[in-house]
1. Of the residues that sit in segment 183-209 and are among the hydrophobic types (A, V, I, L, M, F, W, C) and in contact with a Lys or Arg (Cβ under 8 Å, 6 or more places away or on another chain), which one is modelled with the lowest pLDDT?
2. Within the set of pairs 6+ apart or on separate chains, which have a first residue in segment 47-65 that is more than 26 Å from Ile118 (Cβ to Cβ), a second that is open to solvent by 30 Å² or more (accessible area, probe 1.4 Å), and C-beta atoms under 6 Å apart?
3. Being more than 15 Å from the chain's Cα centre (by Cα) and on the phi < 0 side of the Ramachandran plot is the filter here, so list the residues in segment 27-37 that pass it.
4. Taking segment 74-95, which residues are of a type in the set (Gly, Ala, Ser) and assigned to a helix (DSSP H, G or I)?
5. Kindly state which helices (runs of 4 or more DSSP H) lie completely within segment 107-212 and contain at least 3 residues that are at negative phi, in contact with a helix residue (DSSP H, G or I) (Cβ under 8 Å, 6 or more places away or on another chain) and open to solvent by less than 30 Å² (accessible area, probe 1.4 Å).
6. Can you give me the number of residues within segment 75-95 that are within 13 Å of His36 (Cα to Cα), open to solvent by 40 Å² or more (accessible area, probe 1.4 Å) and among the polar types (S, T, N, Q)?
Amino acid sequence: MVDLKGKWVLVTGASRGIGKLSAIFMAQQGCNIILHSRKLEGTKELVDEIKAMGVDAYAVAAELSDVAAVDAMLKEIDAKGTQVDVVLNNAGLQIGYRVDYLKTPMDDFPISFAVNTIAPMQICYHFLPGMMERGFGRIVNTTSGIALEAEQAGYSAAKAALDKVTVDLGYKVNGSDVIISLADPGWCRTDLGGPNAPNAPESTIPGIVVGAFVNDGKSGRRYGAQEFCGMTLEEAVAKAESYTAPY
(Lines give C-alpha, C1' and ligand atoms only; values in the text may rest on other atoms or scores of the structure.)
Protein backbone atom coordinates (compact mmCIF):
# COMPACT_ATOMS: atom_id res chain seq x y z
CA MET A 1 0.00 0.00 0.00
CA VAL A 2 1.39 3.39 -0.98
CA ASP A 3 1.79 6.06 1.70
CA LEU A 4 0.13 9.30 0.54
CA LYS A 5 0.93 11.35 3.61
CA GLY A 6 1.81 14.90 2.60
CA LYS A 7 0.52 14.48 -0.97
CA TRP A 8 -1.96 16.95 -2.44
CA VAL A 9 -5.31 15.46 -3.45
CA LEU A 10 -7.91 17.17 -5.64
CA VAL A 11 -11.45 16.04 -4.83
CA THR A 12 -14.23 17.22 -7.14
CA GLY A 13 -17.76 17.45 -5.82
CA ALA A 14 -16.45 17.78 -2.26
CA SER A 15 -19.22 19.89 -0.78
CA ARG A 16 -21.42 16.97 0.23
CA GLY A 17 -22.08 13.25 0.00
CA ILE A 18 -19.40 10.84 -1.15
CA GLY A 19 -17.03 13.60 -2.24
CA LYS A 20 -17.07 15.16 1.22
CA LEU A 21 -16.59 11.78 2.89
CA SER A 22 -13.70 11.00 0.53
CA ALA A 23 -12.01 14.32 1.28
CA ILE A 24 -12.26 13.75 5.02
CA PHE A 25 -10.94 10.20 4.70
CA MET A 26 -7.96 11.29 2.62
CA ALA A 27 -7.19 14.02 5.15
CA GLN A 28 -7.26 11.38 7.89
CA GLN A 29 -4.54 9.55 5.97
CA GLY A 30 -2.37 12.68 6.14
CA CYS A 31 -3.12 14.11 2.70
CA ASN A 32 -3.51 17.79 1.90
CA ILE A 33 -6.80 18.48 0.15
CA ILE A 34 -8.05 20.73 -2.64
CA LEU A 35 -11.82 20.87 -2.29
CA HIS A 36 -13.83 21.55 -5.43
CA SER A 37 -17.45 22.62 -5.49
CA ARG A 38 -19.56 24.80 -7.74
CA LYS A 39 -19.32 27.70 -5.27
CA LEU A 40 -16.67 28.41 -2.65
CA GLU A 41 -19.29 28.66 0.07
CA GLY A 42 -20.02 24.96 -0.43
CA THR A 43 -16.74 23.88 1.16
CA LYS A 44 -15.95 26.83 3.46
CA GLU A 45 -16.62 24.92 6.69
CA LEU A 46 -15.00 21.76 5.36
CA VAL A 47 -11.73 23.59 4.69
CA ASP A 48 -11.58 24.55 8.38
CA GLU A 49 -12.56 21.04 9.47
CA ILE A 50 -9.78 19.46 7.42
CA LYS A 51 -7.16 21.98 8.51
CA ALA A 52 -8.04 21.12 12.11
CA MET A 53 -6.78 17.59 11.34
CA GLY A 54 -3.26 18.96 10.95
CA VAL A 55 -3.09 18.96 7.15
CA ASP A 56 -3.44 21.78 4.63
CA ALA A 57 -6.51 22.48 2.53
CA TYR A 58 -8.07 25.09 0.30
CA ALA A 59 -11.15 25.43 -1.87
CA VAL A 60 -11.66 26.04 -5.57
CA ALA A 61 -14.87 26.50 -7.49
CA ALA A 62 -16.01 25.74 -11.02
CA GLU A 63 -19.14 24.79 -12.88
CA LEU A 64 -18.03 21.52 -14.45
CA SER A 65 -20.34 21.89 -17.43
CA ASP A 66 -18.29 24.93 -18.49
CA VAL A 67 -14.94 24.02 -20.08
CA ALA A 68 -13.62 27.55 -19.61
CA ALA A 69 -14.55 27.53 -15.91
CA VAL A 70 -12.76 24.22 -15.39
CA ASP A 71 -9.71 25.58 -17.20
CA ALA A 72 -9.71 28.66 -14.95
CA MET A 73 -9.89 26.44 -11.88
CA LEU A 74 -6.94 24.36 -13.06
CA LYS A 75 -4.90 27.49 -13.77
CA GLU A 76 -5.69 28.74 -10.26
CA ILE A 77 -4.32 25.52 -8.77
CA ASP A 78 -1.19 25.85 -10.90
CA ALA A 79 -0.73 29.47 -9.85
CA LYS A 80 -0.67 28.39 -6.22
CA GLY A 81 2.24 26.09 -7.04
CA THR A 82 0.37 23.01 -5.81
CA GLN A 83 1.76 19.68 -7.00
CA VAL A 84 -1.31 17.50 -7.41
CA ASP A 85 -0.40 13.83 -7.09
CA VAL A 86 -3.87 12.37 -6.59
CA VAL A 87 -7.13 13.20 -8.37
CA LEU A 88 -10.49 11.91 -7.20
CA ASN A 89 -12.98 12.81 -9.94
CA ASN A 90 -16.05 12.32 -7.79
CA ALA A 91 -18.44 14.98 -9.08
CA GLY A 92 -21.29 13.81 -11.26
CA LEU A 93 -24.68 14.85 -12.59
CA GLN A 94 -27.78 12.74 -13.15
CA ILE A 95 -29.78 15.03 -15.40
CA GLY A 96 -33.14 13.31 -14.98
CA TYR A 97 -35.12 10.07 -14.88
CA ARG A 98 -37.22 9.90 -18.05
CA VAL A 99 -40.18 7.60 -17.46
CA ASP A 100 -41.25 8.13 -21.05
CA TYR A 101 -37.76 7.22 -22.21
CA LEU A 102 -38.57 7.38 -25.93
CA LYS A 103 -39.09 11.11 -25.40
CA THR A 104 -35.75 11.66 -23.71
CA PRO A 105 -34.74 15.29 -24.37
CA MET A 106 -31.67 15.48 -26.57
CA ASP A 107 -30.25 18.10 -24.21
CA ASP A 108 -29.76 15.31 -21.67
CA PHE A 109 -26.77 14.04 -23.63
CA PRO A 110 -24.53 17.11 -24.01
CA ILE A 111 -25.18 18.22 -20.42
CA SER A 112 -24.46 14.74 -19.07
CA PHE A 113 -21.31 14.33 -21.15
CA ALA A 114 -20.06 17.78 -20.16
CA VAL A 115 -20.09 17.00 -16.43
CA ASN A 116 -19.60 13.23 -16.34
CA THR A 117 -17.10 12.72 -19.17
CA ILE A 118 -15.54 15.91 -20.49
CA ALA A 119 -14.76 17.62 -17.17
CA PRO A 120 -13.10 14.56 -15.58
CA MET A 121 -11.00 14.00 -18.68
CA GLN A 122 -10.08 17.69 -18.88
CA ILE A 123 -8.77 17.38 -15.32
CA CYS A 124 -6.95 14.13 -16.14
CA TYR A 125 -5.26 15.64 -19.19
CA HIS A 126 -4.14 18.62 -17.15
CA PHE A 127 -2.47 16.77 -14.28
CA LEU A 128 -1.33 13.58 -15.97
CA PRO A 129 1.73 15.04 -17.75
CA GLY A 130 3.20 16.20 -14.43
CA MET A 131 2.48 12.85 -12.82
CA MET A 132 4.20 11.03 -15.69
CA GLU A 133 7.20 13.36 -15.56
CA ARG A 134 7.61 12.86 -11.80
CA GLY A 135 6.93 9.14 -12.04
CA PHE A 136 4.09 9.11 -9.54
CA GLY A 137 0.37 9.77 -9.55
CA ARG A 138 -3.07 8.35 -8.87
CA ILE A 139 -6.34 9.13 -10.65
CA VAL A 140 -9.66 7.61 -9.62
CA ASN A 141 -12.65 8.38 -11.84
CA THR A 142 -16.05 7.73 -10.31
CA THR A 143 -18.29 5.72 -12.59
CA SER A 144 -21.71 4.10 -12.24
CA GLY A 145 -23.14 0.62 -12.28
CA ILE A 146 -26.40 1.71 -13.87
CA ALA A 147 -27.39 -0.74 -16.59
CA LEU A 148 -30.45 -1.62 -18.66
CA GLU A 149 -32.20 1.64 -17.77
CA ALA A 150 -33.17 3.58 -20.87
CA GLU A 151 -34.75 6.08 -18.47
CA GLN A 152 -31.27 7.37 -17.60
CA ALA A 153 -29.74 7.32 -21.06
CA GLY A 154 -27.77 10.56 -20.84
CA TYR A 155 -26.18 9.71 -17.52
CA SER A 156 -25.43 6.07 -18.28
CA ALA A 157 -23.99 6.86 -21.71
CA ALA A 158 -21.73 9.55 -20.26
CA LYS A 159 -20.45 7.20 -17.58
CA ALA A 160 -19.89 4.46 -20.15
CA ALA A 161 -17.83 6.92 -22.15
CA LEU A 162 -15.84 7.81 -19.02
CA ASP A 163 -15.16 4.10 -18.49
CA LYS A 164 -13.84 3.78 -22.03
CA VAL A 165 -11.51 6.76 -22.02
CA THR A 166 -10.27 5.92 -18.50
CA VAL A 167 -9.31 2.39 -19.48
CA ASP A 168 -7.70 3.58 -22.72
CA LEU A 169 -5.74 6.27 -20.88
CA GLY A 170 -4.72 3.79 -18.21
CA TYR A 171 -3.18 1.60 -20.91
CA LYS A 172 -0.69 4.36 -21.68
CA VAL A 173 0.69 4.39 -18.13
CA ASN A 174 0.16 0.76 -17.20
CA GLY A 175 3.18 -0.74 -15.47
CA SER A 176 4.33 2.61 -14.09
CA ASP A 177 3.72 4.26 -10.72
CA VAL A 178 1.02 6.41 -12.29
CA ILE A 179 -2.14 4.39 -11.73
CA ILE A 180 -5.56 5.21 -13.15
CA SER A 181 -8.66 3.44 -11.84
CA LEU A 182 -12.45 3.49 -11.90
CA ALA A 183 -14.66 3.35 -8.80
CA ASP A 184 -18.37 2.60 -8.67
CA PRO A 185 -19.98 3.72 -5.39
CA GLY A 186 -23.12 1.69 -5.89
CA TRP A 187 -26.61 3.09 -5.40
CA CYS A 188 -26.34 5.39 -2.40
CA ARG A 189 -28.63 7.78 -0.54
CA THR A 190 -27.09 10.97 -1.87
CA ASP A 191 -28.60 13.95 -3.66
CA LEU A 192 -27.88 12.11 -6.91
CA GLY A 193 -29.01 8.66 -5.76
CA GLY A 194 -32.13 9.78 -3.92
CA PRO A 195 -33.68 8.70 -0.60
CA ASN A 196 -34.71 5.19 -1.70
CA ALA A 197 -31.21 3.90 -2.43
CA PRO A 198 -30.16 0.85 -0.37
CA ASN A 199 -26.69 2.07 0.65
CA ALA A 200 -25.56 4.82 3.00
CA PRO A 201 -22.88 7.13 1.57
CA GLU A 202 -20.57 6.00 4.39
CA SER A 203 -20.61 2.48 2.96
CA THR A 204 -18.44 3.65 0.05
CA ILE A 205 -15.42 4.19 2.30
CA PRO A 206 -12.74 2.92 1.75
CA GLY A 207 -13.70 1.35 -1.60
CA ILE A 208 -14.37 4.60 -3.42
CA VAL A 209 -10.76 5.74 -2.85
CA VAL A 210 -8.93 2.40 -2.77
CA GLY A 211 -7.50 3.01 -6.25
CA ALA A 212 -5.46 5.86 -4.81
CA PHE A 213 -3.61 3.49 -2.48
CA VAL A 214 -2.85 0.48 -4.68
CA ASN A 215 0.85 0.09 -5.37
CA ASP A 216 1.29 -2.53 -8.06
CA GLY A 217 1.49 -0.51 -11.28
CA LYS A 218 -1.78 -1.83 -12.68
CA SER A 219 -4.18 0.65 -14.27
CA GLY A 220 -7.64 0.38 -15.76
CA ARG A 221 -9.25 -1.66 -13.00
CA ARG A 222 -12.81 -1.00 -11.84
CA TYR A 223 -13.62 -1.21 -8.15
CA GLY A 224 -17.14 -1.61 -6.75
CA ALA A 225 -17.01 0.33 -3.49
CA GLN A 226 -19.64 -1.86 -1.82
CA GLU A 227 -17.32 -4.85 -2.16
CA PHE A 228 -14.95 -3.20 0.33
CA CYS A 229 -17.54 -2.06 2.86
CA GLY A 230 -16.44 -2.62 6.45
CA MET A 231 -12.81 -3.31 5.56
CA THR A 232 -9.79 -1.48 6.89
CA LEU A 233 -7.83 0.43 4.28
CA GLU A 234 -5.07 -2.17 4.41
CA GLU A 235 -7.56 -4.99 3.83
CA ALA A 236 -9.21 -3.08 1.00
CA VAL A 237 -5.90 -2.42 -0.77
CA ALA A 238 -4.91 -6.07 -0.53
CA LYS A 239 -8.23 -7.06 -2.11
CA ALA A 240 -8.01 -4.34 -4.77
CA GLU A 241 -4.56 -5.49 -5.85
CA SER A 242 -5.96 -8.99 -6.41
CA TYR A 243 -8.34 -7.70 -9.06
CA THR A 244 -7.51 -8.54 -12.65
CA ALA A 245 -6.28 -5.63 -14.72
CA PRO A 246 -7.64 -5.27 -18.29
CA TYR A 247 -4.28 -5.31 -20.05
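The values are calculated or read from the model by the stated rules, or taken from the named source; none is laboratory data. Keep in mind the model is a prediction, meaning the values are calculated, not measured. As a convention, Cβ positions derive from the backbone with ideal geometry for all residues, glycine included, and neighbour counts pool all protein chains shown. Accessible surface is based on the protein model in full, side chains and every heavy atom, while ligands, DNA and RNA are left aside. Shrake-Rupley method; radii C 1.70, N 1.55, O 1.52, S 1.80 Å.
1. Restricting attention to segment 183-209, the residues satisfying the condition of being among the hydrophobic types (A, V, I, L, M, F, W, C) are 183, 187-188, 192, 197, 200, 205, 208-209.
From what is left, the residues that are in contact with a Lys or Arg (Cβ under 8 Å, 6 or more places away or on another chain) are 183, 197, 200.
Numbers: Ala183: 98, Ala197: 77, Ala200: 86.
My answer is Ala197.
2. Ala57/Lys51
3. First, the residues of segment 27-37 that are more than 15 Å from the chain's Cα centre (by Cα): 27-32.
Passing the criteria: Ala27, Gln28, Gln29, Cys31, Asn32.
4. First, the residues of segment 74-95 that are of a type in the set (Gly, Ala, Ser): 79, 81, 91-92.
Passing the criteria: only Ala79.
5. Details: elements: 108-113, 119-134, 153-173.
Ranges flagged: 119-134, 153-173.
6. To start, the set of residues in segment 75-95 that are within 13 Å of His36 (Cα to Cα) comprises 76-77, 87-92.
If we keep only those that are open to solvent by 40 Å² or more (accessible area, probe 1.4 Å) as well, we get 76.
Subset that is among the polar types (S, T, N, Q): none.
So the answer is 0.
Every residue, every condition in (1) small (Gly, Ala, Ser); (2) part of a helix (DSSP H, G or I); (3) in contact with a Pro (Cβ under 6 Å, 6 or more places away or on another chain), yes or no:
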| residue | (1), (2), (3) |
| --- | --- |
| Gly19 | yes, yes, no |
| Ser22 | yes, yes, no |
| Leu35 | no, no, no |
| Asp48 | no, yes, no |
| Ala72 | yes, yes, no |
| Tyr97 | no, no, no |
